[in-house]
1. Hey, does segment 31-47 have a residue that's loosely packed, with under 12 Cβ neighbours inside 10 Å, closer than 20 Å to residue 78 by Cβ and at pLDDT below 95?
2. Could you go through segment 30-50 and let me know if any residue there is in contact (Cβ under 8 Å) with a residue 60 or more places away in the chain, touching a helix residue (DSSP H, G or I) at 6+ places or on another chain (Cβ under 6 Å), closer than 24 Å to residue 95 by Cβ and not in a loop (DSSP other than H, G, I, E, B).
3. Output the number of residues of segment 49-62 satisfying the condition of being farther than 15 Å from residue 18 by Cα and more than 18 Å from the chain's Cα centre (by Cα).
4. Restricting to segment 13-25, name every residue that is touching a residue at least 12 places away in the same chain (Cβ under 8 Å) and closer than 23 Å to residue 101 by Cα.
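The values are calculated or read from the model by the stated rules, or taken from the named source; none is laboratory data. This is a predicted model, so every value here is computed, not measured. Methodologically, a virtual Cβ is constructed for each residue, glycine included, from the backbone with ideal geometry; neighbour enumeration extends over all protein chains shown.
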């Protein structure tokens, strides 16, 4: 699967990795894009990680199915780079989530 947008990369990270993963959060905080982080996880960019196992999980990940499911239940998946992302989460610094499932209006 090819991930082309930041939003899609954040969704993939949220589905494939542990929330609050310190190494991933540090890479993101240093300016590395979530797309690059996914590429690094699938190669040897994280030496302490099993890149082969990650690649197998990534190949089975179906972004379209996740987005379809969200639509079916009347939800959307918000990511850090999208309008509607709760600015209050910035208080968490690099520990803020990569994606949130949300229902309802984004107007507050």
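1. Checking segment 31-47: not a single residue is loosely packed, with under 12 Cβ neighbours inside 10 Å, closer than 20 Å to residue 78 by Cβ and at pLDDT below 95.
2. Going residue by residue through segment 30-50, those that are in contact (Cβ under 8 Å) with a residue 60 or more places away in the chain are 34.
Next cut, touching a helix residue (DSSP H, G or I) at 6+ places or on another chain (Cβ under 6 Å) only: 34.
Now drop any that are not closer than 24 Å to residue 95 by Cβ, which leaves 34.
Now drop any that are not not in a loop (DSSP other than H, G, I, E, B), which leaves 34.
Yes, segment 30-50 contains at least one residue that is in contact (Cβ under 8 Å) with a residue 60 or more places away in the chain, touching a helix residue (DSSP H, G or I) at 6+ places or on another chain (Cβ under 6 Å), closer than 24 Å to residue 95 by Cβ and not in a loop (DSSP other than H, G, I, E, B).
3. Here the count works out to 1.
4. Listed by number, the residues that qualify are 13, 14, 15, 16, 17, 19, 20, 24, 25.
Residues checked against (1) without any contact (Cβ under 8 Å) to a residue 12 or more places away in the chain; (2) in a helix (DSSP H, G or I):
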| residue | (1), (2) |
| --- | --- |
| 11 | no, yes |
| 27 | no, yes |
| 54 | no, yes |
| 84 | no, no |
| 92 | yes, yes |
